[in-house]
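Right, one structure below, let's go through it.
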Amino acid sequence: MFGLKLDMACEIPDKYYSLEDYEKAEPRWCPGCGDHSVLTNIQKLCREKQLDPAKTVFVSGIGCSSRFPHYMKTYGFHGLHGRAFPVASGIKFRRPDLDVFVITGDGDCCSIGAGAWVHAIRYNINMTVMLFNNEIYGLTKNQTSPTSRVGTKSNTSPRGSILPPINPLQTTLGVANVSFVAQTVDWNPAHLYATLNAAHEHKGFSFVHIVQRCPVFQPDLVDEFTSGKDAFHLIKNENGIVLDEKAEKTFKNSVEHDHTDINAARHLAEHENGKFYLGLLYQNKEAQCYDDYGAHNLGFTAEQKMSVLNEELDKRAI
Amino acid sequence: MITKKNNEDTLAKFFNIDSPEIKNFTVTNEGIVPDEKHTPIWPKLVESEPVETEEMSRKWKEIQAFYRGDGAVLDGKEKKGLTPVILSSFQEHDYVSKDFPFWINGNPSDEVASKCISLDDVLRDTVDRFCSEERKAKILKQNLVRIVGHCSKKIQALDESVAALPIVMEAIDELKSKIEVNGDDAKQFEEDIALLKSNFPENGYLIPFSEKTIYEIFNRILNNEVALKSTDLLNTTKKLVGKLNDLLAVEREKETGEKLSKNLKSSIGFADSLINIDKMSSVNPESGSELMTQVRAERIKNAITILEKGDLFFEKKATILAHKELYSSKKTNLNDVFSTSEYIEFTDKNGCEEAVTQFNTSILAYEKFISSIRIAQLEVEGKYIESIHDAYFSGFEWRMFTDEEMACFPPVILITELSTLKSDELTSFSKLMSQNIPIKIISLKRDSLENYKKNGVSSDATHFVFRQELAAIAIAHRNTYVLQSSTISPEYLFQGLSEGLRNFSPALFNILCPSNVNYSSPYMWGSAAVESRDFPQFKYNGNLSSQWGSRFDVSNNPQTETNWPLHSTKIITSEDEEEVWELPFTIADYTFINTSYSAHYLYIDSKYWNDKLIPLADYLSLDQKDVPSKVPFIWVVDEQSELQKMAVSISIVLACKERLDFWDYLQENAGIHNYHVDEAIERERNHFKSVSEEEIAKVRNELNEEIERVREKTTEEAMEKLTSFLLDMDNLPLTSAKVSNSEVVVEEKEEADLIESTLEEEIKEEKEEAVIEEPWIETPSCTTCNECTDINDRMFSYNADKMAYVADPKAGTFKELVDAAVLCPVHIIHPGKPLNANEPNLEELIKIAEEYN
């Protein structure tokens, strides 16, 4: 209309959240660990989106990366080993107004938590999931993980591991109702941020595979990558994860990919000839979200909720 | 409330198949509730089963009767609560932003172009001025809207223009106190706030949106423009008076006698004791030069007397004539608004005549003033020739003024109602325009539509008349300046008014002033009036050039190329799918918001919808033969956000046609869809088409002939070569071709090698140049791993984005720099060269550092 424009920015909250509003405690990860980078970028994402810390939850299992909720000044749940997904699903299902993030490692997700992982993908509840994959058990001091490459020497396989590793991307892409799969690395902040941002924007279970090294037990992993930049290919698609020109230049190679094509995504996920494809591999915006079918219990006071809970518990009282 | 006791009921609360997608929530005392405000509700199309043929035909007769104006047949559902689809999204005022309050520069010496913009733009411009790659002022930019909001509330309550600076400073302080920011961001934010405060322009006024807006703007223009011009003129006058006085002083010097020796004494000064002044004066010639005539001296003295009183002309910025009843709400006297001008109220409906009388009176003294300036200029230059100039100045009048001289004259302004001008004063208005007297008339339009029959359905088209377009009448006088604008677009209005004031011709400013006296949301009404082409905005400047097209400007209208502005609107269909419709905003949508016209609309229940009901815009473009069987409608939404159809009466259809006709008149004059141009283009296009077709055919023929000729020739040659090849193997041309090919390959390779080596050298040189002595970090690639900050947190530090940079290279040793470079997992630390030459093991460290530089 002439002289008028709809402007939703007219209503803005009174509090501006800065980086410090999301920071808590000095991270106790080893110097040089990529977890620091993910933490910083998540804090930046929260600031950019001005997420209310009181309405944001970080849920983790067990492992180095799972210490993540301790370093965020938001709500957090440092859960049981392998059980980050059920806890996060419960939170989101009952409180759809919260922003839910899940932090899990290669041991937590791909080993003990594999069952929960598969079903969380299928339920497709709206949450942002980060799998920190450094291909080793670091917290317990150097044991082979399900994603360790063949030949990885550790305390549990001193002569090198024998079994081929699980490919978390392929596993996720193989589950019914998968809706968002992306891959990034911890040492490229621009790409990491853009990927986390896209995952947060997506409605559904957004799975981000973060390729890492462990500076103590897998120090060569990242050196191999940085010195062998030929291995990394940027996935380009104007509707996918878009980097600015400067950030794009940090990649030597790139590939065009249609992220709605699951077979093409599986092909890229295979890391054929040692190539890693970074960016959005697969997205299906139409996938069913289980949390859409919850009544959410919204509009009920804390007392009412407690009374329902007590009622339920009373029924099972001995 | 949960009251049921059994298992199923309590647990059933946890699931709900029909629960919609919920995006936003608000925490209230009642708990957490979905925030409907943030979820746009798109209009939904709900269709029902059509009724039986018999009932349909009965209803259709009623609808047609309504359309013809045989009487309204209101059907169950009242019109209450219905809104045109396009307007429905603008109902929530909290989410609608506009150009108010706007800011006018109070410093007359600045350029006119930058004098009037919205406060939002002033703030953004100010912030942009101190922003850079390093200083992005992100938080401040995100919150500028709060400053505007605060000022807007404050100023709207005051209902008058005020100095901008104190209010803006207060709003900035309010923002600072209200918003909580911590850490590095807080420091940055405070600095940005301080910069905004120190950079915000000092002289300026904020104008709120009200029915007084037009007066406030006009008053500011008078104060700025006339003040600027008159200051220049007065400076010139002062210089001239000085020079004229010099002339008279010289004249006095020419006198002889005692006075001369006295003068001589004073001119020599302290040396007078050394000289016998009386003796000296006796040897001087008795008179230096001829004395000026008595007439000339009188003329100069007269001019000085008039010029010295020049200030008096500019004590008042203008003469304002306004009708007593003009300011309807009577909260403020216009006398207060125009305090720097001479304000005259009149009661009779003879404004134009009154203005002419007033002009003739005040121009007389100004004519003398200007003629005195001209006389003074001629006298100073010694070019006044009595035989020519005496006659010229005796007949001197304002029509002989230059544009600049006229621009300095405190203008005579008539402020009156549009309706008064059109009814009682049309003849005197036309006379004024044709006499070419530079009087500026502001005509105010404050009510809705004109000419359409109100309160009842018109039975035929006799009520419909073509509107008297006062602006078009003014244009018919040709040497005029005409502005038709609305107070909802202050920038355009400001420019138009300033331009009109500067123009040496009569001007009509036809202004739409929506006021809250007549409408609950005047801004929306004003916007709809321009959007629907009811009140198109335009400028006409008869002085611009002799070519008519150049005099018109209609650019400040929405979608100038189309008949009606089109809006993309999202709709939910009856199959629950989203669709985007392109809907026009027509006169029918505009009149719909005015309840006086309710009888011209008929609600049609969806069970009566059929093919004969067609959208109004389509109806207007129908062939005459198809019209009788159809009835037009517009889309509206009800309180449940469901789409409904409202049939419109023939009166509104005719009103649409009448408005489109005027819009076509403006479009064609401004060069949009001009009939003659379109015709000429079509003619030329056809001409070029036929010419190019001929050309193509000709070229094709020639080509075919050429192909045929070459084919014959080649066959001949091939046969010849084949024969000679078979007869004489030595004549084979292929061998030489082979040799030459290989030569080319060798040459290309050499060239490529050369390029490559040059490139390598260049890269090498670049690399050598790139080694910088100072240590540095590729900050955008930092992964915040703490390796470097753990080594020395004074040397390495994090920026506001928690990415490392070299804070102080002198805060540690070169060894620490090199260690950090080695440990950095992403190899982005470049240690440079050592700063302290006495550091131990330097040679070894430099060697390691080279790898990372």
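Side notes on the structure shown:
- Within the span defined as the stretch B:163-180, one or more residues are within 14 Å of chain A (Cβ to nearest Cβ), farther than 22 Å from B:Ile207 by Cβ and not in a helix (DSSP H, G or I).
- Within the stretch B:528-548, not a single residue is surrounded by fewer than 18 Cβ atoms within 10 Å (Cβ to Cβ), modelled with pLDDT under 90 and within 14 Å of chain A (Cβ to nearest Cβ).
- Of the set (1) at positive phi; (2) open to solvent by 40 Å² or more (accessible area, probe 1.4 Å); (3) touching a helix residue (DSSP H, G or I) at 6+ places or on another chain (Cβ under 8 Å), all apply to A:Lys275 but (1).
- Residue match in the stretch B:649-656 (condition: open to solvent by 80 Å² or more (accessible area, probe 1.4 Å) and outside any loop (DSSP other than H, G, I, E, B)): no
- If you go through the stretch A:10-55 and pick out every residue that is in contact with a strand residue (DSSP E or B) (Cβ under 8 Å, 6 or more places away or on another chain), crowded, with 21+ Cβ neighbours inside 10 Å and more than 8 Å from chain B (Cβ to nearest Cβ), you end up with 5.
- The residues of the stretch B:609-648 that are of a type in the set (A, V, I, L, M) and either in a helix (DSSP H, G or I) or within 36 Å of the chain's Cα centre (by Cα) (or both), listed by number, are B:Leu616, B:Ala617, B:Leu620, B:Val627, B:Ile634, B:Val636, B:Val637, B:Leu643, B:Met646, B:Val648.
- For the stretch B:193-205, a tally of residues being under 17 Å from B:His150 (Cβ atoms) and in a helix (DSSP H, G or I) returns 3.
- Residues that are over 20 Å from B:Asp232 (Cα atoms) number at least 2 in the following helices (runs of 4 or more DSSP H) confined to the stretch B:362-433: B:386-394, B:418-423.
- Pairs, first open to solvent by less than 40 Å² (accessible area, probe 1.4 Å) in the stretch B:190-214, second of a type in the set (Lys, Arg) and part of a helix (DSSP H, G or I), C-beta under 8 Å, six or more apart: B:Ile193/B:Lys176; B:Ile207/B:Arg220
- The residues in the stretch B:795-827 that are within 26 Å of A:Gln212 (Cα to Cα), surrounded by fewer than 20 Cβ atoms within 10 Å (Cβ to Cβ) and among the β-branched types (Val, Ile, Thr) can be counted, and the count is 1.
- Note on the stretch A:299-314: among residues that are within 15 Å of A:Arg95 (Cβ to Cβ) and more than 7 Å from every other protein chain (Cβ to nearest Cβ), the one that is surrounded by the fewest Cβ atoms within 10 Å (Cβ to Cβ) is A:Ala302.
- Among residues of the stretch B:480-510 being crowded, with 24+ Cβ neighbours inside 10 Å and within 14 Å of chain A (Cβ to nearest Cβ), the one that is farthest from the chain's Cα centre (by Cα) is B:Gln484.
- Of all residues in the stretch B:828-853 being part of a loop (DSSP other than H, G, I, E, B) and open to solvent by less than 80 Å² (accessible area, probe 1.4 Å), the one that is nearest to B:Asn786 (Cα to Cα): B:Ile828
- Subset tally (residues that are free of Cβ contacts under 8 Å to residues at least 60 places away in the same chain and acidic (Asp, Glu)) for the stretch B:343-383: 4
- Condition broken by A:Phe77, with the remaining ones in (1) open to solvent by 30 Å² or more (accessible area, probe 1.4 Å); (2) in contact with a Gly (Cβ under 7 Å, 6 or more places away or on another chain); (3) away from chain B (no Cβ under 11 Å) satisfied: (2)
Yes/no per residue for (1) hydrophobic (A, V, I, L, M, F, W, C); (2) farther than 18 Å from B:Arg68 by Cβ; (3) in contact with a helix residue (DSSP H, G or I) (Cβ under 9 Å, 6 or more places away or on another chain):
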site	(1), (2), (3)
B:Thr569	no, yes, yes
B:Glu575	no, yes, no
B:Val580	yes, yes, no
B:Leu602	yes, no, yes
B:Asp611	no, yes, no
B:Ile614	yes, no, no
B:Met646	yes, no, yes
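- The number of residues in the stretch A:264-298 that are outside any helix (DSSP H, G or I) and more than 9 Å from every other protein chain (Cβ to nearest Cβ) comes to 16.
- Residue check for B:Glu639: farther than 30 Å from B:Thr83 by Cβ and loosely packed, with under 15 Cβ neighbours inside 10 Å: no
- Residue match in the stretch B:183-199 (condition: under 19 Å from B:Phe100 (Cβ atoms) and either out of contact with any helix residue (DSSP H, G or I) (no Cβ under 8 Å at 6 or more places or on another chain) or assigned by TED's automatic domain parsing to the domain that holds B:Asp120 (or both)): no
The values are calculated or read from the model by the stated rules, or taken from the named source; none is laboratory data. Values in this document were obtained by computation on a predicted structure and should not be read as measured data. Counting neighbours? That spans all protein chains shown, and the Cβs are built from the backbone with ideal geometry, glycine included. Note: accessible area is taken over every heavy atom of the protein model, side chains too, but ligands, DNA and RNA are not part of it. Shrake-Rupley method; radii C 1.70, N 1.55, O 1.52, S 1.80 Å.
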